[in-house]
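The values are calculated or read from the model by the stated rules, or taken from the named source; none is laboratory data. Given the structure is predicted, the values throughout are model-derived calculations rather than measurements. Note that we place each Cβ from the backbone using ideal geometry, even for glycine, and neighbour counts take in every protein chain shown.
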């Protein structure tokens, strides 16, 4: 009688365990599985299209990712001790359902749209500062340069430092090479500039041509700039011009 009771209790515990597992599998370490010594760490392929065997199956299975909002996402960094998360989330995949910019201070700030993203943070173990969310599917993510004071993070890094870009305008006076280009928030040095004339801007006939990609001098404290290079100054006709300023913080 005692053995029967023990068997019933054991069977009940196993049943409860399987019921729990069917609802959720939680792991923060090595996943115990039945594919030891094989490439997959987990095999969930028990339900698939069996048309080739003559037994059609119209109830397919897919891996469903909970929707994440990367415009409000913040990393929990308390356990980033180099052991618990030894790669500092490098390679982590999420499905983002929002449109906007990622949160400042949570790696490099980038623009995101709905889709799958992975966190690229190679060579790190305790920091997310230089990591960034990148879209899956190859290629470089597009970014829209705006007039926002914080600037727009570009696809360019220089010795690990992020290059930002900001869009602006300046107006010239007749016969002068001096212009004022408002220094963006946090600038430490200029990386590059493109000055152009766009249709509908200013009073002249905009023909969307590039006027210059360099400056003779630029004061990042006051915004005072002199157009041209050491060998040739550029005198702009009196008008309003647009520019894209790339810079480091």
Restricted to the range 198-219, and to residues that are assigned to a strand (DSSP E or B) and modelled with pLDDT of 80 or more, which residue is surrounded by the fewest Cβ atoms within 10 Å (Cβ to Cβ)? 217
Lone unmet requirement of (1) at pLDDT below 90; (2) more than 11 Å from the chain's Cα centre (by Cα) for residue 130: (2)
Test each condition in (1) at pLDDT 85 or above; (2) assigned to a loop (DSSP other than H, G, I, E, B); (3) surrounded by 13 or more Cβ atoms within 10 Å (Cβ to Cβ) for residue 194 and report the one that comes out false. (2)
How about the range 163-186: which of its residues are in a loop (DSSP other than H, G, I, E, B), at pLDDT 90 or above and within 16 Å of residue 197 (Cα to Cα)? 181
So if I check each of 129, 165, 111, 153, which one is assigned by TED's automatic domain parsing to the domain that holds residue 94 and surrounded by 15 or more Cβ atoms within 10 Å (Cβ to Cβ)? 111
Just wondering, is there one or more residues in the range 222-243 that are part of a loop (DSSP other than H, G, I, E, B), modelled with pLDDT of 85 or more and out of contact with any helix residue (DSSP H, G or I) (no Cβ under 8 Å at 6 or more places or on another chain)? yes
